[in-house]
Amino acid sequence: MESPLYTGEVRTVGESMARSITDAGAFKIFMDEPVALGGRNGAPSPLDFILAAHAAA
């Protein structure tokens, strides 16, 4: 059986329903929703990160 090439692990803590901080290895990822969705628009939204991840792959 082959070993996996990469295993990722993250931990997310929500400050509210719209804001969260994720630890991904040595990095902190801040996410926030636009004001219209209950956030403060202080960071990219989770959808922004998903779209960026797909664009980078």
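The values are calculated or read from the model by the stated rules, or taken from the named source; none is laboratory data. Quantities reported herein were computed from a predicted structural model and do not represent experimental measurements. Ideal geometry is used to build each Cβ from the backbone, glycine not excepted, and the neighbour counts take in all protein chains shown. Surface accessibility is based on the protein's heavy atoms, side chains included, excluding ligands, DNA and RNA. Shrake-Rupley method; radii C 1.70, N 1.55, O 1.52, S 1.80 Å.
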On the accessible surface of the chain, probed at 1.4 Å with all protein chains in place, carbon and sulfur together account for a percent value of 62
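More than 17 angstrom separation, counting every C-alpha pair in the chain; what % is that?
48
What does the net charge come to around residue 44 if you take all other residues with beta carbon closer than 12 Å to its beta carbon, with K and R at +1 and D and E at -1? Walk me through the numbers on the way to the answer.
Values: positive: 19; negative: 32, 33, 48.
Neighbourhood net charge equals -2.
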Among 6, 50, 31, the residue whose Cα sits farthest towards the positive end of the charge dipole of the chain, when +1 is placed on the Cβ of each Lys and Arg and -1 on the Cβ of each Asp and Glu, is 31
